[in-house]
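FYI, it's all coordinate maths here, none of it is from the lab. Owing to the predicted nature of the structure, the values given are computational and were not obtained by experimental measurement. As a convention, Cβ positions derive from the backbone with ideal geometry for all residues, glycine included, and neighbour counts pool all protein chains shown.
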2 protein chains.
Amino acid sequence: MKGTRGLWFFILAVCASFAMTPPFAFAQGGNASLESTSQDPNQWAMPLGNYSGNRHSKLNQINTGNVSKLQVAWTMSTGTLRGQEGQPLVVGDMLYFESSYPNYVYAVDLNHIEKIAWKFAPDIDKLAPSVACCDVVNRGVAYANGKILVTTLDTKVYALDAKTGKVLWTAVNGDPKLGQTTTDAPLIVKDKVIVGISGGEYGVRGYLTAYDLNTGKQVWRAYSVGSDADILVDPAKTIDGATQQPVGANSSLKTWQGDDWKLGGGTTWGWYSYDPQLNLIYYGSGNPGTWNPDQRPGDNKWSTTIFARNADTGVAAWAYQMTPHDAWDYDGINEMVLEDSQIGGSTVPTLAHFDRNGYSYLLDRRSGKLLNASKFDPSVNWANSVDLKTGRPNVDPAKMTKSDVNVKNICPAAMGAKNMQPMSYDPRTKLIYAGTNHICMDYQAFSVKYKSGFPYVGAIVNMFPADNGDVRGRVIAFDATTGQTKWANNDTFQAYSGPLTTDGNIVFYGTLDGWFRALDESNGKLLYQFKAPSGIIGNPITYMHGGKQYVAVLTGVGGWAAIGLAEGLTKGTEGLGAVGLTRSLADYTNLGGTLVVFTLP
Amino acid sequence: MKGTRGLWFFILAVCASFAMTPPFAFAQGGNASLESTSQDPNQWAMPLGNYSGNRHSKLNQINTGNVSKLQVAWTMSTGTLRGQEGQPLVVGDMLYFESSYPNYVYAVDLNHIEKIAWKFAPDIDKLAPSVACCDVVNRGVAYANGKILVTTLDTKVYALDAKTGKVLWTAVNGDPKLGQTTTDAPLIVKDKVIVGISGGEYGVRGYLTAYDLNTGKQVWRAYSVGSDADILVDPAKTIDGATQQPVGANSSLKTWQGDDWKLGGGTTWGWYSYDPQLNLIYYGSGNPGTWNPDQRPGDNKWSTTIFARNADTGVAAWAYQMTPHDAWDYDGINEMVLEDSQIGGSTVPTLAHFDRNGYSYLLDRRSGKLLNASKFDPSVNWANSVDLKTGRPNVDPAKMTKSDVNVKNICPAAMGAKNMQPMSYDPRTKLIYAGTNHICMDYQAFSVKYKSGFPYVGAIVNMFPADNGDVRGRVIAFDATTGQTKWANNDTFQAYSGPLTTDGNIVFYGTLDGWFRALDESNGKLLYQFKAPSGIIGNPITYMHGGKQYVAVLTGVGGWAAIGLAEGLTKGTEGLGAVGLTRSLADYTNLGGTLVVFTLP
């Protein structure tokens, strides 16, 4: 990446003029047709449903009164066996989805489900699967202006003609030889395609990149750690969410020892939200590299950080670090839900984020100011609270990990009290509905040397259910403004599928052992379930076609949650410590990717 | 195999004493509990449903009046992507099935479909897939006496404890290094496990083998071609079905030039039926090796032959060769349906067989006497008729293949007017319901030299739809005693799934492009269809559980029919000439194995 440094200084100089626009200014933004399409409940035009990332649908033809009659309308194999972590899009009469590696992309005309309208099979670097930490998943395609935008495991970005599947342009966003991979779904904002990068366990220094929607040319790239030029901050204007002060010069570099930042992590493999009024893109950065905290003293900014960046320039309006000096792999990439909240009698534009570290964060999305931080899983013990004044967690010293010490029973485990499974926010109930993990770990850090393209982890981890029980997941209805849990349903395995809520008062989600479920949104009561071909780590969506409401989900177990099953691993500490957690999952389900579409008779 | 020749002379000597029993004698036979279990319509205890191989069920809860309301009850991935050519068994509350390579075997307790009761993952020779001619399929497990009997692609036979999946014994039936593989489902007769061998395109000389159900020790082995000792015939007593005379000495050897018989084919990879009264096992032998007829002058007996063998000794009661000197790869392995027929006012115990060569054969199953031979596909042109007196086809000389000549438009193609997809016989209507192929070929033979473990084909074949149309398959209702077709439904692709008929007056089957269908048995009218995850080359079965009727089918496209899709081949002449035939199939379906179970709401 060093060869592009000069170019970046140039781009930053260009960006500086844009950055003169106050980051809080209200500017008209978004991809106008995409934004309106995503507001049409008959379609599902964005990975998270809309720019707010709320995964809520106004459809109500399927509702609590009839969902028990739900049945499978049609199905389609993805053509791959490994974990399916994404969701289809529905735009007009067309349904699109992407499989796990080797990243097949399919288009189906909903008027002709007997056929595959087109299939795109990318020419993919065979090295990529060997440097993917946590199964060879993909989280879906994006749509804009007649194009389908695709990321592939080998870090390529493709724009396809949505009608034909023909490649319009290709960009190369990284290099698997350096341990870089891509699993995230792009976000389209105006004429830009926003994509992230994976590889936090390979010493990859994360970045978010914007490509031109029409040409595929890189417009801006913002690293999570490094120089001010690299991370696209304005030292005088970019706000530190925790202190509500400008971040100042070298805000990242000064929190690292020597050149540690070059392997500093902060990858960007989660979901991205966007506020068209503020023209800000929201996303989280991942864990710092390595997992051995003693090897990288300091806060390791801006790893495990929520960023708000100007969509046009990439310059950060603000940054809020959740887990300074992350010593637990509390990778902060989980999605942001943008909704207004009632705070002290006022309506505040907020952002809700359930972090891997087990805290729900409610921030003023204009400034990054912390409004609430609450445990959303009762097992959380690494920090007793998050100080609303300093914005920093009150870490329990007994749970601080150290080189060559096996620190026991830290909750949550590295996989997080929630991982990437995106949550839903229902604007009617003002509650969040989330699939969560109820898991803890023992964590022994050790010294590790970097070698390009090889794992750079530095910890032996062993995960297990919280309370040593048989509950590894919980689906919860949660108030992010108060930190109160309205209801919680226990699952045997991690609830690793992103819930969908609808105006039919239903929560749809899937379980790791293969149940597709509909819950009563008001109390979590099970109304319907179907045993899918495989475990579910995908995220249901809903759409209307021909006057009927459909619910579609990708089934296909895998991901980090089921890495033992996906990769045939058997030792508990393999798969970054996750194998022992779901050893019994093989007694319940098999690998195999299938799109399953439901409707009423 | 030469090392075992001495042993075989010994075994033949032992057998000779059994052979003293007249082959037509009526002896009590069968695996008594298995036979009664297979007669219970609530279960499906044998691959073809019962010893008669009729794939008919007396269940009628699902019927023409309500089948349109059918819905998917539950599903389960097979954990493999390639073609699923078999079917589940249901014995008591347990459902068992086997996937394509690597041949996973699953048991599911129908009271606990949320779980896999047990899974068996064999340690399998990785060479096997590379010598499998026609995808890495498997046609299912067998059950008897608390054991599940399993064949794997690398020719191993396993007896598993049906309750636990624990291996009770293992037998090795061949050697992939010699091009030998196994794809067939075993048949259990009394205390014997009957298994065949594949590899007709690798110069394999076929044999049927009986293993002791309790110990796995080999009891008898009957080659299809070779010496009288090898082929287990009694020259004075074994009847040639065509002539109704004893076969005489060296009935096979004298129909081959020199040592050609050693590479003589006649593999045994189809289905097996059994008549407990006659104590005879019925099955067909495959094509002679090579596909170049000029390299092997003579009738090449007993390739492409229906055998009736004594279950205890393996000695042949009779043998009827359908395609002497097969010059078209009209492999004769298709299944035999055993039913009584009204012939000239008398009730005759008959056997019906739809051969690859496009003729339906009705034989007296006591003697192998030919009673009727009729074209079941209108395109058949390689022979104008089969002479009922001589039992031999009247071959059209223009369709006789020759070395270095491209003989055009031969019907059916080598894949056959029907391949292994097993047919159904409804004792009520006395009709056969078959999925058939409507395909032709150009065929150019050439000289080929044998090399152990390498293809020994000797022909370039190119298949295409009959009449150069867009119909490649037909589902037909057919009277084997008269040769009359009652109705025929056209399909775009080969109808490569074995129909199931029921007392609900329904024909269930699946299409290569993924439709699972229910037809009105009386007229072929489509009553219900469901778009399955993948194309269907498996065979639906039915059972009762908890007072409800279920229909189960393995979906997962592949096999020879879809070899291009299965193996990623693109040239029309690849895949033994079959690739061009279904090139457009990729526009309709994807690889991926799933068990789909249907029931009424």
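Points worth noting:
- Exceedance of the 25 Å cut-off in Cα-Cα distance is limited, within the set B:Lys58/B:Lys166; A:Lys531/B:Lys418; A:Lys531/B:Lys548, to B:Lys58/B:Lys166; A:Lys531/B:Lys418.
- For the segment A:67-76, counting C-beta atoms of other chains within 10 Å of every residue's C-beta and taking the mean gives 5.
- Other-copy label distances relative to A:Ser385, 7 angstrom Cα-Cβ extension, nm: 10.0
- Inter-copy label distances at B:Glu574, shortest first and taken from points set 7 Å along Cα to Cβ: 3.3 nm.
- Label positions at A:Lys119 and B:Asn66, each projected 7 Å from the Cα along the C-beta direction, are separated by 3.8 nm.
- When the trypsin sites (Lys or Arg not before Pro) in the range A:480-534 are filtered for DSSP coil states and for at most 14 other beta-carbon atoms within 10 Å of their beta-carbon, the remaining sites are A:Lys525.
- Charge sum, other residues only, whose C-beta stays under 10 Å from B:Tyr456's C-beta, Lys/Arg counted +1 and Asp/Glu -1: +1
- Relative contact order (%) - criterion: Cα under 8 Å, at least six apart; region: chain A: 15
- Cross-link partners for A:Lys217 among the lysines, with Cα-Cα distance under 17 Å and sequence neighbours closer than 8 places in the same chain left out: A:Lys147, A:Lys156, A:Lys190, A:Lys192.
- Note that the range B:54-67 has calculated 3J(HN,Hα) couplings of 9, 6, 10, 10, 7, 5, 9, 4, 8, 8, 4, x, 10, 5 Hz, one per residue in order, obtained from phi through the Karplus relation 6.51 cos²θ - 1.76 cosθ + 1.60 (θ = phi - 60°); glycine and proline are x.
- Prolate/oblate/rounded call for chain A, Cα gyration tensor, a/c under 1.5 rounded: rounded
- In this rough spin-label picture, where each label sits 7 Å from Cα along the Cβ direction, the A:Lys389-A:Asp93 distance is 6.4 nm.
- A label point on B:Ala121, set 7 Å along the Cα-to-Cβ line, lies at 2.6 nm from each of its counterparts in the other copies, closest listed first.
- Counting only lysines at least 8 places from A:Lys369 when in the same chain, those with an alpha carbon closer than 19 Å to its own are A:Lys237, A:Lys301, A:Lys389.
- Inter-chain shielding of A:582-588 (mean C-beta neighbours from other protein chains, 10 Å cut-off): 2
- Proximal charge balance of B:Pro393 [Cβ under 14 Å; K/R count +1, D/E count -1]: 0
- Placing a pseudo-label 7 Å from each Cα along the Cα-to-Cβ vector at A:Gln277 and A:Phe446 gives an inter-label distance of 5.3 nm.
- For the range B:358-443, the set of chymotrypsin sites (Phe, Trp or Tyr not before Pro) satisfying both a DSSP loop assignment and a count of at most 11 other C-beta atoms within 10 Å is empty.
- Proximal charge balance of A:Ala414 [Cβ under 12 Å; K/R count +1, D/E count -1]: -4
- As a proxy for reagent exposure, ranking B:Phe530, A:Phe464 by other Cβ atoms within 10 Å from fewest up yields A:Phe464, B:Phe530.
- Amide hydrogen proximity for A:Asp135: with H placed 1.01 Å from N in the peptide plane, no residue at 5 or more positions away or on another chain lies under 5 Å.
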